[in-house]
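Student: The structure's right below; bear with me while I get my questions together.
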Amino acid sequence: MTNRISTLISAFGVLGGAMFLFIGIGEYQAGASALWAVGGALVLLIAVYALVRDLRAAGKPVAGRDGEGRAR
């Protein structure tokens, strides 16, 4: 259950990172510093990395537990 919650939080992080990237690009086009776009891209990449890490961890069985999370 904890892995599912962590994956869901990471998915919302990707959405937030994408919003930050789009806002950063918009600000850059409006004349602001290019660091807004770079920062948005960096936040998005970090969020995608966290999501991939959580998705990979969700597929691995936990040592000493069965498929339902109960101790053997």
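Student: Along Cα→Cβ, 7 Å out, is where each label goes; now give me the distance between the ones at Glu27 and Lys60 in nm to one decimal.
Tutor: 3.6 nm
Student: For Tyr49, Tyr28, what's the fewest-to-most ordering of other Cβ within 10 Å of each Cβ?
Tutor: In order of increasing Cβ crowding within 10 Å: Tyr49, Tyr28.
FYI, it's all coordinate maths here, none of it is from the lab. Everything quoted here is computed from the prediction, not taken from an experiment. Note: ideal-geometry Cβ built from the backbone for every residue, glycine included; neighbour counts use all protein chains shown.
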